[in-house]
Amino acid sequence: MTSLPDEQTTQLVAGRLLEMADDELILSHRNSEWTGHAPILEEDIAFANIAQDEMGHALIWYELLRSLTGRDPDRLVFFREPCEYRNLQMVELPKGDWAFTVLRQYLFDTWEAGHLEALEQSRFTPVAEAAQKIGKEERYHLRHTAAWLCRLGRGTEESNSRMQAALDQLWPFHSQIWAAPPDYERLVTESLMPDLARLGSLWEDRVRTELSEAGLTPPGFGQPSAPLRDEHTEHLQPLIEEMQQVARLETEAGW
Amino acid sequence: MSEITENEVWEALGSITDPEIPVISIVELGVVRTVRVDAERTVVEITPTFSACPAYQAMAGSVERKLREMGATGVEVRTVLHPPWSTDWLSDEAREKLRRFGLAVPDRHQGNLEGAIEAGQAACPYCGSSNTRQTNPFGCTPCRAMGFCQDCRQPFEQLKPL
C-alpha cells in the first residue's frame, strides 16, 4: 500500500520513523567527531564515510516523515530541543576511545541488519523500499565493524581489555533498542512495522555469539527496564547545542 | 499543449554531468529513472547512487534548471528509491569512460552483492590487470573505494559495487 488507512496509524508510523531517523542522525554526529582524529588515515576515511552514510539514511526517514506529516527535516534537526529528540541513549553517549566507537557501531549495525530486513516486508511500500535501499549500503558498515570487533577483541591484551570495558559500558543500554513506543503493537498487527521484541531476541543471540567469538563477555547486569525515548543522558544536550549552533545563528539563511 | 517531447527531455538531461565524475552524464549513470511529459506537467524521477551522495542535490538542481531552460511546463523533479541504484546499470560505454577517467568499475554482480563486496576488487583502470587488491573499502565519496594494482604499482579509485 502506498498510503496509510487513517490518521491514528499515520501518527504511529510517523512516531516510529522519527525514532529511526534520530538514531541515525545522532550516531552520525558522534561518528563525525572522529574526522581528522581517527587512529589511522584509513579509519578516518572509513568513519567519515560511515557518518555520512548514516546522515543520508536519517534524511531518507525524515523525508518519509515529511511526506506523512509535512514536518520539515531541517526544522526537526536544527530547531528541536534535546528533550524532543527520540534517539536511543546508546547513540548519544560520547565517542569514547576507538574501541567504544567500533563496538557501538558494531552493535548498531547488527541491529540494523535484522531490522532493515524485517522493514523490507512492511506492507507500507515507502518503508519497504527505503529499507531495501538503506540495507544495500549498510552491508559495507557491518563488514567493517565486524572485522574490527574480531581484530580488537582477539588482538592484544590491551585491545581486548578496552573492548571489554566498552562492552561493560554499552551493554546496560542495549535493551532499549527493541523497546516499542506506545500502541506500536497495532502497526505490527497490520504488518506495517516489524515485531521489535522478536528482532531484539534474534539480535541478542547473534551478538552474544559473535562477542564470545571475539573473546568478550557481556556483563551480567542491564537496566532493570528500558527508559522511554524521551529520557536522555546528560550527554545529549551538549551534542545538540553544538550541532544546532550555526543554524540557530541565522535562522533564515539558505545553504 | 507542451511542445517538448519526452525524447527531447532525455536528450537534454544527457548533457548534465555528475559534478564529481564529469565524464559521464546523469543519464548514463542511471540517476535519471523516468521522464513523463503531458499537456500540464513535466515530471522527472531521479534516484541517488548512494543515499548520502553529496552531489545529489546539485544534480537535482541541474535537472530542474535544464527543464526550465527548455521551457517545460509544470516542472517537477521527484526522488525515487526503488529500484535501488546499482553499479550493474552502468553500460559498457559508461564503464569505458570511467576507466579512462581513472575510476575502476567492478564487474556486474547480477544480484550477488555480498559476493562482489567480499571479492572487493576491480581491474586496474591504468593497465587493465586483475592482480589488484582493495586497500580501503571506503574512499573520498560514499560511492568509492580505494585499490592498488600489484602489476603497475599504482593506487587507484574504484566504484563500490552496489
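The values are calculated or read from the model by the stated rules, or taken from the named source; none is laboratory data. Please read these numbers as outputs of a predicted model, since none were measured by experiment. Note: ideal-geometry Cβ built from the backbone for every residue, glycine included; neighbour counts use all protein chains shown. Just the protein is used for accessible areas: all its heavy atoms, side chains included, with ligands, DNA and RNA removed. Shrake-Rupley method; radii C 1.70, N 1.55, O 1.52, S 1.80 Å.
Check whether at least one residue in the range B:127-141 is closer than 21 Å to B:Ile21 by Cβ, within 14 Å of chain A (Cβ to nearest Cβ) and touching a residue at least 40 places away in the same chain (Cβ under 8 Å), and report yes or no.
The answer is yes, given that some residue of the range B:127-141 is closer than 21 Å to B:Ile21 by Cβ, within 14 Å of chain A (Cβ to nearest Cβ) and touching a residue at least 40 places away in the same chain (Cβ under 8 Å).
Quickly run through the range A:38-59 and pick out the residues that are among the β-branched types (Val, Ile, Thr), outside any loop (DSSP other than H, G, I, E, B) and either closer than 23 Å to A:Leu18 by Cα or more than 8 Å from chain B (Cβ to nearest Cβ) (or both).
Hit for the range A:38-59 is A:Ile50, nothing else.
Mind telling me which of the residues A:Ala166, A:Ala147, A:Ala99 ends up being closer than 21 Å to A:Ala214 by Cβ and within 13 Å of chain B (Cβ to nearest Cβ)?
Selected residue: A:Ala147, the only one of A:Ala166, A:Ala147, A:Ala99 that is closer than 21 Å to A:Ala214 by Cβ and within 13 Å of chain B (Cβ to nearest Cβ).
What is the number of the single condition among (1) aliphatic (A, V, I, L, M); (2) assigned to a helix (DSSP H, G or I); (3) within 12 Å of another protein chain (Cβ to nearest Cβ) that B:Met59 does not meet?
Here B:Met59 clears every test but (3).
Which condition does B:Ile117 not pass, out of (1) under 27 Å from A:Arg143 (Cβ atoms); (2) in a loop (DSSP other than H, G, I, E, B); (3) open to solvent by less than 30 Å² (accessible area, probe 1.4 Å), if it passes all the others?
Unmet for B:Ile117, out of (1) under 27 Å from A:Arg143 (Cβ atoms); (2) in a loop (DSSP other than H, G, I, E, B); (3) open to solvent by less than 30 Å² (accessible area, probe 1.4 Å): (2).
For the range A:23-37, enumerate the residues that are of a type in the set (D, E, K, R) and outside any helix (DSSP H, G or I).
A:Glu33
Would you tally the residues in the range A:216-228 being surrounded by fewer than 19 Cβ atoms within 10 Å (Cβ to Cβ) and touching a residue at least 60 places away in the same chain (Cβ under 8 Å)?
Total meeting the criteria: 1.
Return the residue satisfying two criteria in turn: it lies in the range A:40-55 and is touching a helix residue (DSSP H, G or I) at 6+ places or on another chain (Cβ under 9 Å) and among the charged types (D, E, K, R), and of such residues it is nearest to A:Ala146 (Cα to Cα).
Taking the candidates together, the pick is A:Glu43.
Quick one: in the range A:74-115, of everything that is buried (at least 18 other Cβ atoms within 10 Å of the Cβ) and of a type in the set (Phe, Trp, Tyr), which residue is farthest from the chain's Cα centre (by Cα)?
A:Trp98
Just to verify a result, which residue in the range B:121-157, among those that are assigned to a loop (DSSP other than H, G, I, E, B), closer than 25 Å to A:Arg139 by Cβ and of a type in the set (Ser, Thr, Tyr), is most open to solvent (accessible area, probe 1.4 Å)?
Out of the qualifying residues, it is B:Ser130.
Select, from A:Ala128, A:Ala118, the only residue that is within 14 Å of chain B (Cβ to nearest Cβ), open to solvent by 10 Å² or more (accessible area, probe 1.4 Å) and at pLDDT 95 or above.
After applying the criteria, what remains is A:Ala128.
Filter the helices (runs of 4 or more DSSP H) completely within the range A:63-164 down to those with at least 3 residues that are touching a Lys or Arg at 6+ places or on another chain (Cβ under 7 Å) and at negative phi.
A:98-119
Answer yes or no as to whether B:Ser25 is closer than 27 Å to B:Cys127 by Cα, more than 14 Å from chain A (Cβ to nearest Cβ) and of a type in the set (Ser, Thr, Tyr).
yes
Given the structure, is B:Leu67 of a type in the set (A, V, I, L, M, F, W, C), assigned by TED's automatic domain parsing to the domain that holds B:Ile21 and assigned to a helix (DSSP H, G or I)?
Yes, satisfied.
Output the residue which, of all residues in the range B:32-56 that are in contact with a strand residue (DSSP E or B) (Cβ under 6 Å, 6 or more places away or on another chain) and away from chain A (no Cβ under 14 Å), is surrounded by the most Cβ atoms within 10 Å (Cβ to Cβ).
B:Val44
A:Phe173 versus (1) in contact with an Asp or Glu (Cβ under 9 Å, 6 or more places away or on another chain); (2) in a helix (DSSP H, G or I): which is the lone unmet condition?
(1)
Yes/no matrix, rows are residues, columns are (1) of a type in the set (S, T, N, Q); (2) surrounded by 17 or more Cβ atoms within 10 Å (Cβ to Cβ); (3) free of Cβ contacts under 8 Å to residues at least 24 places away in the same chain:
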residue	(1), (2), (3)
A:Ala180	no, yes, yes
A:Asp183	no, no, no
A:Val188	no, no, yes
A:Ser201	yes, no, yes
A:Ala214	no, yes, no
A:Glu234	no, no, yes
A:Pro238	no, no, yes
A:Gln244	yes, no, no
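So which residues in the range A:163-178 are hydrophobic (A, V, I, L, M, F, W, C) and crowded, with 17+ Cβ neighbours inside 10 Å?
A:Met163, A:Ala166, A:Leu167, A:Leu170, A:Trp171, A:Phe173, A:Ile177, A:Trp178
Would you mention how many residues in the range A:25-37 are within 11 Å of the chain's Cα centre (by Cα), free of Cβ contacts under 8 Å to residues at least 40 places away in the same chain and away from every other protein chain (no Cβ under 13 Å)?
Here the count works out to 0.
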